[in-house]
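Novice: My questions all concern the structure below.
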Amino acid sequence: MKLVDAHIHLSDAEYAGHVDELVADAKNAGVAALVSNSMDYATSIEALRIANKYPELVHVALGLHPWNVNVLKPNEIDDTLRLISEQTQKGRVLAIGEIGLDCKYEAIWDQQLSVFDKMLRLAESLSLPVIIHSRGTTAFIVDMLPSYNLKRVLLHWFSHPMSALLTAMERGYFITEGPPVVYSNGIREVVSQTPLTNLLTETDGPVLFRKSPFNGQMTKPSFIGDVVRAIAEVKSAKAEDVAEQIVRNFEAFFNLKLT
Ligand SMILES: [Zn+2]
């Protein structure tokens, strides 16, 4: 089975020193592509370095994450916008991500909105798809997106509400789901309501998924096999067929042909 991890953070400090192992784990498990999402300027530079080292496997999405907007250095927003533009011109950026809004960071809501808006405008001008974090803000974000002229939209780790899922599907958005589809009834319900043509797989690592079969191990790309088998179970489909469709979705969303 050819597999894909559409959302991981290889440049996260928790993975430092382990990227070679993660890449080997991905190759062993049949993961043909990893999209490393950045959080800020430094993780963007590091993601580009990693992608340069493993060009056959690692691709990048660059952005400013809502968790980072209150710890940005002077000029970091402009520096990141410039970096993304330059690297997109060199053909090294597949998407803008991870960007979005998080309800747990209400005290910095205005800064979140301002940075998110800048990232969405950049995606418009560079004609790049976007990968969105929307904890507690999914309905709000789905409402605001039509005012942007976006190429393609991916709502990562979609959990609720179902009304926003319906709207997102009507508009042809994609969602990613990861290890929770193995053990969470809520996520399995989301998957059951999502056409297979709008679904992608992710690990979002590094995250410690505590439930069985992951049991608090540091997330690795080979978890994707379990994710695909769980989706197949929900959809009463063959895992091979699910994996094939997800690869097709990946190629369509990122405009990238996998060999
Ligand atoms: Zn993430």
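The values are calculated or read from the model by the stated rules, or taken from the named source; none is laboratory data. What you see is a predicted model; the values in this text were computed from it and never measured. Please note: Cβ atoms are built from the backbone with ideal geometry, for glycine as well, and neighbour counts cover all protein chains shown. For accessibility, only protein heavy atoms count, side chains too; no ligands or nucleic acids. Shrake-Rupley method; radii C 1.70, N 1.55, O 1.52, S 1.80 Å.
Novice: Any idea how many residues of the stretch 106-140 are among the small types (G, A, S), on the phi < 0 side of the Ramachandran plot and open to solvent by 60 Å² or more (accessible area, probe 1.4 Å)?
Specialist: 2
Novice: Six or more apart or on different chains, Cβ under 7 Å: which pairs go from a residue in the stretch 126-138 that's within 25 Å of R92 (Cα to Cα) to one that's open to solvent by 20 Å² or more (accessible area, probe 1.4 Å)? Could you list them?
Specialist: L126/S85; L126/T88; S127/K151; L128/T88; L128/K151; P129/K151; P129/R152; V130/L150
Novice: Further, regarding this structure: Specify which of the listed residues (L200, L196, L208) is hydrophobic (A, V, I, L, M, F, W, C), under 19 Å from L3 (Cα atoms) and within 16 Å of the ligand (Cβ to nearest atom).
Specialist: L200
Novice: I need the full set of residues from the stretch 18-52 which are part of a loop (DSSP other than H, G, I, E, B) and over 29 Å from E76 (Cα atoms), in order please.
Specialist: Result: G30, single match.
Novice: Among the residues in the stretch 151-169, are any among the hydroxyl-bearing types (S, T, Y), more than 29 Å from D25 (Cβ to Cβ) and assigned to a loop (DSSP other than H, G, I, E, B)?
Specialist: No, the conditions are met nowhere in the stretch 151-169.
Novice: While we're looking at this one, here's another question. Using the structure shown, decide if F158 is more than 17 Å from F253 (Cα to Cα) and either modelled with pLDDT of 95 or more or touching a Cys at 6+ places or on another chain (Cβ under 8 Å) (or both).
Specialist: no
Novice: Is it the case that the stretch 2-13 has a residue that's more than 16 Å from the chain's Cα centre (by Cα), within 16 Å of the ligand (Cβ to nearest atom), among the acidic types (D, E) and surrounded by fewer than 24 Cβ atoms within 10 Å (Cβ to Cβ)?
Specialist: No; the residues of the stretch 2-13 include none that is more than 16 Å from the chain's Cα centre (by Cα), within 16 Å of the ligand (Cβ to nearest atom), among the acidic types (D, E) and surrounded by fewer than 24 Cβ atoms within 10 Å (Cβ to Cβ).
Novice: On to the next question. Which residue pairs have Cβ atoms under 7 Å apart, sit 6 or more places apart or on different chains, and have a first residue in the stretch 195-216 that is closer than 10 Å to P179 by Cβ and a second that is within 13 Å of the ligand (Cβ to nearest atom) and at pLDDT below 95?
Specialist: What qualifies is T203/T219; G205/T219; V207/T219; F209/T219.
Novice: If I ask for residues that are open to solvent by 30 Å² or more (accessible area, probe 1.4 Å) and either in a strand (DSSP E or B) or among the charged types (D, E, K, R) (or both), which ones from the stretch 70-95 would you list?
Specialist: Passing the criteria: K73, D78, D79, R82, E86, K90, R92.
Novice: Here are the criteria: (1) within 16 Å of the ligand (Cβ to nearest atom); (2) assigned to a loop (DSSP other than H, G, I, E, B). Tell me which single one I187 does not satisfy.
Specialist: Only one criterion in (1) within 16 Å of the ligand (Cβ to nearest atom); (2) assigned to a loop (DSSP other than H, G, I, E, B) is unmet by I187, namely (2).
Let's see how each residue does on (1) within 16 Å of the ligand (Cβ to nearest atom); (2) farther than 23 Å from T176 by Cβ; (3) open to solvent by 10 Å² or more (accessible area, probe 1.4 Å); (4) of a type in the set (D, E, K, R):
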{"position": "A29", "(1), (2), (3), (4)": "no, no, yes, no"}
{"position": "D40", "(1), (2), (3), (4)": "yes, no, yes, yes"}
{"position": "S44", "(1), (2), (3), (4)": "yes, no, no, no"}
{"position": "R49", "(1), (2), (3), (4)": "no, yes, yes, yes"}
{"position": "H65", "(1), (2), (3), (4)": "yes, no, no, no"}
{"position": "N68", "(1), (2), (3), (4)": "yes, no, yes, no"}
{"position": "G97", "(1), (2), (3), (4)": "yes, no, no, no"}
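Novice: For the stretch 188-199, state whether one or more residues are in contact with a Leu (Cβ under 9 Å, 6 or more places away or on another chain) and hydrophobic (A, V, I, L, M, F, W, C).
Specialist: Checking the stretch 188-199: at least one residue is in contact with a Leu (Cβ under 9 Å, 6 or more places away or on another chain) and hydrophobic (A, V, I, L, M, F, W, C).
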